[in-house]
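Shown next, in structure tokens, is the structure this report addresses.
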Amino acid sequence: MRIFNSTVGRKLLMSISGQLLIIFVLIHLAGNSTIYFGWINAYAEHLHSMPPVVWVFRAIMLAIVGTHICYGVMLTLENKAANPTNYAVKRQLKASFASENMIWTGLLLAAFIVYHLLQFTVKVTPDVAWTANQAVVDVFKMVVTSFSNAAIVVVYALAMIMLFLHLSHGIPSFLQTMGWNNDKTIPVYGTAGKVISAFLMLAYISIPATILVGLLKL
Amino acid sequence: MSAHTSNTMTITLHVWRQAGPNAPGKLEQYEAKNVSPDQSFLEMLDEVNEDLIKAGKDPIAFDHDCREGICGMCSSVINGVPHGGQVRTTACQLHMRTFKDGDAIYIEPWRAKAFPIIKDLIVDRNALERIMQAGGYTSCHTGGVPDGNAILIPKPEADYAMDAAECIGCGACVAACPNGSAMLYTSAKVAQLSVLPQGKAEAAERVCAMVDAMQENGFGNCSNHYECQAACPKGISVKFIAKLNREYQKALFK
């Protein structure tokens, strides 16, 4: 199949899987923000009352993340091979730190997602060990206790900086790959990419930060 | 003329020298003396070469042809930017007045897997021609000369095609791309032909064939750094890459 083999086809797969992941990032933020309204336990309970939905959703997410990572690594390795010799002097005109380090910000985000799942989904990290013998886990209590630890908050903040870098190139990039771009929109997308990624980063960091400074407590 | 002599500069050049495709290469240092600000970059190199020839040394091999900025032959990365970084200017149209007395200039060949070095600053750019051969044409019947207005082309579409047709095929986009990708070049050719009625008939086959040829010839994948547009001496826009992406999606369903 052309889409799985060709350079443009695989970029399309990167773009579409990336867009689906951005939609997930938005939905996840909306879900997380229920913590500010005191609904997070009700929200978690509601989700877990539908195991088939949750598991189908998880399987789809795994497929999307898997596609995005596999093609991301493959395309990056090919790109390194296509440009094997470095210039003695190279001046960058347009490429940014974000655009040049997509693979690294992406892989760091993947590592963070594994940690995040081990912590709040599988619940095996030391800070959530206390939840082991609870029949129903108090999600609000779990989140607040974990984010009272400054080291954990720093890890989350760093991960969200990676998210900012990844999406500030990723958002304009997926629009370009879909072909939804012209001379007028190119600069607009560049700015929109930065603004939206900055919003997402700050919104996500706000939760652990609010807890750490004691504005949200048990 | 006094103005000519009083303004001359001395420039230190660091030039990539490589005897052949498989020979090891390295940067070598030369002094360019009495450089006039009115000289073009290539004229400055010509004078350095004359001195080298007089001294019985091998002159620096570099590509050039029209020296008017329209043929796409000149191809040097000057101080880290293809064609030297003056906006919309080929190396042959770059003038020494953009440099200062005492400057050091690094001159390197286009670097990409798809462009093997032939000698010094000359690279083999036939890979671009092979992309062109794969689909950069329209099939038409031969015969009598058709009437000039037999096929009406709206002005905006003609302009769009002409903007894409400005590409001189020099390969600066590939040289600038961190991925050694030829997407800007390929997209300019695809966009130019796909927007015109004569090219629409073969649009799907063309985009697939040219993208495949790009891949088969060792070019990398586009990851939207947009270095290509910034380095392009003709200012070809990455909007044509978006156009190629649209054409490719249409072709996927054919």
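Go over the candidates B:Ala55, B:Ala112 one by one and state the one that is farther than 17 Å from B:Ser40 by Cα and loosely packed, with under 14 Cβ neighbours inside 10 Å.
B:Ala55
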Taking segment B:130-185 and keeping residues part of a helix (DSSP H, G or I) and under 20 Å from B:Ser76 (Cβ atoms) leaves B:Ala172, B:Cys173, B:Val174, B:Ala175, B:Ala176, B:Leu184, B:Tyr185
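Among A:His116, A:His166, which is over 17 Å from A:Tyr36 (Cβ atoms), surrounded by fewer than 18 Cβ atoms within 10 Å (Cβ to Cβ) and of a type outside the set (A, V, I, L, M)?
A:His116
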Within segment A:185-212, tally of residues that are of a type in the set (Phe, Trp, Tyr) and either touching a Leu at 6+ places or on another chain (Cβ under 9 Å) or touching a residue at least 12 places away in the same chain (Cβ under 8 Å) (or both) | 2
So A:Met160 fits all but one of (1) within 14 Å of chain B (Cβ to nearest Cβ); (2) in contact with a helix residue (DSSP H, G or I) (Cβ under 6 Å, 6 or more places away or on another chain); (3) of a type in the set (A, V, I, L, M); what number is the exception?
-> (1)
Go through segment B:115-135 residue by residue and tally those that are touching a helix residue (DSSP H, G or I) at 6+ places or on another chain (Cβ under 6 Å) and either more than 16 Å from B:Cys167 (Cβ to Cβ) or surrounded by fewer than 23 Cβ atoms within 10 Å (Cβ to Cβ) (or both).
-> 2
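Identify, from the list B:Ala164, B:Ala188, the residue that is closer than 18 Å to A:Gln176 by Cβ and within 13 Å of chain A (Cβ to nearest Cβ).
The unique qualifying residue is B:Ala164.
So which helices (runs of 4 or more DSSP H) stay within segment A:13-129 end to end and still have 2 or more residues that are within 14 Å of chain B (Cβ to nearest Cβ)? So that I can check it myself, show each step before the final result.
Working: elements: A:40-48, A:51-82, A:97-100, A:102-120.
Because the criterion is at least 2 residues that are within 14 Å of chain B (Cβ to nearest Cβ), the helices (runs of 4 or more DSSP H) in segment A:13-129 that meet it are A:51-82, A:97-100, A:102-120.
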Checking B:Tyr226 against (1) more than 30 Å from A:Leu165 (Cβ to Cβ); (2) free of Cβ contacts under 8 Å to residues at least 40 places away in the same chain, which single condition isn't satisfied?
-> (1)
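Which ones in segment B:62-103 are over 24 Å from A:Thr85 (Cβ atoms), acidic (Asp, Glu) and away from chain A (no Cβ under 14 Å)? Write out each step before concluding.
Within segment B:62-103, the first condition is being over 24 Å from A:Thr85 (Cβ atoms), and the residues that meet it are B:65-71, B:86-89, B:92-93, B:95-103.
Now restrict to residues that are acidic (Asp, Glu): B:65, B:68, B:101, B:103.
If the condition is that a residue be over 24 Å from A:Thr85 (Cβ atoms), acidic (Asp, Glu) and away from chain A (no Cβ under 14 Å), then B:Asp65, B:Glu68, B:Asp101 are the ones that fit.
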Of the listed residues (B:Ala242, B:Ala213), the one being over 17 Å from the mean Cα position of the chain (by Cα), assigned to a helix (DSSP H, G or I) and more than 9 Å from chain A (Cβ to nearest Cβ) is B:Ala213
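Could you tell me whether B:Met73 is at pLDDT 95 or above, assigned to a loop (DSSP other than H, G, I, E, B), surrounded by 18 or more Cβ atoms within 10 Å (Cβ to Cβ) and not aromatic (Phe, Trp, Tyr)?
Numbers: at pLDDT 95 or above: yes; assigned to a loop (DSSP other than H, G, I, E, B): yes; surrounded by 18 or more Cβ atoms within 10 Å (Cβ to Cβ): yes; not aromatic (Phe, Trp, Tyr): yes.
Yes.
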Flagged pairs (Cβ under 6 angstrom, 6 or more apart or on separate chains; first in segment B:193-217, surrounded by 21 or more Cβ atoms within 10 Å (Cβ to Cβ); second part of a helix (DSSP H, G or I) and among the basic types (Lys, Arg)) are B:Ala213/B:Arg130
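The values are calculated or read from the model by the stated rules, or taken from the named source; none is laboratory data. Just so we're clear, the structure is a prediction, and the values are computed from it rather than from any experiment. Using ideal geometry, Cβ is built from the backbone for each residue, glycine included, and neighbour counts are taken over all protein chains shown.
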